[in-house]
Amino acid sequence: MNIILLGPPGAGKGTQARRLVEERGMVQLSTGDMLREAKESGTEMGKRVAEVMARGELVTDEIVIGLIREKLEGDNGGGFIFDGFPRTLAQADALGALLEEEGQDLSAVIQMKVDDDVLVERITARSTCGSCGEVYNDITKPIPADGRCSTCGGTEFKRRPDDNEESLRTRLMAYYKQTSPLIGYYHAKGLLRNVDGLGEIEDVAAEIAAVLD
Ligand code: ADP
Ligand code: ZN
């Protein structure tokens with residue numbers, strides 16, 4: 001079963017994707033993570049996209065489609081979770097074609113709805129474990145008092161360079177202008193499902209589980 005998690009930055013796509021990986025053995029394909037890895041390993045492509053990402057703009061369709069194409073050939077365990085991809089109509093068309101080539105399809109597109117005010121609050125308070133990627137939030141899910149990640153015991157935490165108010169404004173604008181048309185696109189295909197992304201992590205997870213089962 002292959003699904004897309006669709007929603008603005010800070011909607012909780014990554015958090016929910018990680019749960020689905022743990023609970024259902026699905027495979028998370030986050031183009032944001034892939035691009036950050038490319039940047040950190042210092043590849044040519046990574047260097048080229050770093051500034052675009054820091055500003056909060058979208059990198060080219062060609063680059064992200066290339067990244068996804070490579071992964072689709074691999075094992076998909078209990079199914080792929082597309083997280084942060086597709087983000088444009090061209091990417092959505094490309095994904096459809098790639099899945100068809102692999103003899104696969106999409107089961108659902110889960111739209112995670114949240115208010116913009118909450119997004120700003122969540123993102124500017126966000127940090128992640130440098131070892132395992134667990135997501136923390138200064139207000140709702142602080143790093144444990146002993147300074148150790150509750151999942152892996154790691155002690156290094158990082159904040160993303162694009163998690164500042166100015167880049168976030170650009171990312172939100174990119175979402176509304178370039179990504180939100182996908183809501184209509186997948187609705188027309190009969191694949192769109194809505195989930196309230198405002199609740200507790202557990203409640204959102206339960207809503208997603210209800211869609212998948
Ligand atoms: P968020 O959803 O919190 O904004 P992501 O980790 O998904 O964060 O993406 C971070 C950045 O990576 C984006 O702002 C953009 O620059 C780039 N990016 C990620 N996925 C895509 C994509 N599918 N198309 C274009 N750019 C992307
Ligand atoms: Zn950790």
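The values are calculated or read from the model by the stated rules, or taken from the named source; none is laboratory data. Source: prediction; values computed, not measured. Cβ sites come from the backbone with ideal geometry, for glycine too, and all protein chains shown count toward neighbours. Just the protein is used for accessible areas: all its heavy atoms, side chains included, with ligands, DNA and RNA removed. Shrake-Rupley method; radii C 1.70, N 1.55, O 1.52, S 1.80 Å.
Could you figure out which of (1) open to solvent by less than 40 Å² (accessible area, probe 1.4 Å); (2) at pLDDT below 95 isn't true of Leu95? Result: Leu95 fails condition (2) only.
Just one residue in the set Leu67, Leu20 is modelled with pLDDT of 95 or more, away from ligand 1 (no atom under 12 Å from the Cβ) and open to solvent by less than 30 Å² (accessible area, probe 1.4 Å); that residue is Leu20.
Residue check: is Val59 within 22 Å of Arg159 (Cα to Cα), over 12 Å from the mean Cα position of the chain (by Cα) and open to solvent by less than 40 Å² (accessible area, probe 1.4 Å)? The answer is yes for Val59.
Whenever a residue of the range 111-124 is touching a residue at least 40 places away in the same chain (Cβ under 8 Å), its partners that are acidic (Asp, Glu) and part of a helix (DSSP H, G or I), lying with C-beta atoms within less than 9 angstrom and at least six residues away or across chains, give the pairs Val120/Glu165; Ile123/Glu165; Thr124/Glu165. If you check Leu58, Leu35 for being of a type outside the set (S, T, N, Q), part of a loop (DSSP other than H, G, I, E, B) and at pLDDT 95 or above, only one passes: Leu58. Annotation: Gly199 fulfils all but one of (1) under 22 Å from Thr124 (Cβ atoms); (2) free of Cβ contacts under 8 Å to residues at least 12 places away in the same chain; (3) not in a loop (DSSP other than H, G, I, E, B); the unmet one is (3). Looking only at residues in the range 66-86 that are closer than 17 Å to Leu5 by Cα, outside any loop (DSSP other than H, G, I, E, B) and of a type outside the set (D, E, K, R), the one that is farthest from ligand 2 (Cβ to nearest atom) is Leu72.
Does Val49 satisfy the condition of being touching a strand residue (DSSP E or B) at 6+ places or on another chain (Cβ under 7 Å) and either more than 13 Å from ligand 1 (Cβ to nearest atom) or open to solvent by less than 20 Å² (accessible area, probe 1.4 Å) (or both)?
Working: touching a strand residue (DSSP E or B) at 6+ places or on another chain (Cβ under 7 Å): no; either more than 13 Å from ligand 1 (Cβ to nearest atom) or open to solvent by less than 20 Å² (accessible area, probe 1.4 Å) (or both): yes.
So Val49 does not fit the description; no.
Can you name the residue in the range 106-133 that is away from ligand 1 (no atom under 15 Å from the Cβ), assigned to a loop (DSSP other than H, G, I, E, B) and within 24 Å of Glu22 (Cα to Cα) and, of all such residues, is most open to solvent (accessible area, probe 1.4 Å)? Give the derivation first.
Taking the range 106-133 as the starting set, the residues that turn out to be away from ligand 1 (no atom under 15 Å from the Cβ) are 106-108, 115, 117, 129-132.
Then keep just the ones that are assigned to a loop (DSSP other than H, G, I, E, B); that gives 106-107, 115, 130-132.
If we keep only those that are within 24 Å of Glu22 (Cα to Cα) as well, we get 106-107, 130-132.
On the way: Leu106: 33, Ser107: 53, Gly130: 39, Ser131: 85, Cys132: 39 Å².
Per the stated criteria, the residue is Ser131.
Before we move on, is Gly10 loosely packed, with under 15 Cβ neighbours inside 10 Å and outside any strand (DSSP E or B)? Before the answer, list the steps.
On the way: loosely packed, with under 15 Cβ neighbours inside 10 Å: no; outside any strand (DSSP E or B): yes.
So Gly10 fails the test.
Does Leu99 qualify as being of a type in the set (A, V, I, L, M, F, W, C) and away from ligand 1 (no atom under 15 Å from the Cβ)? Judged against the criteria, Leu99 is a match.
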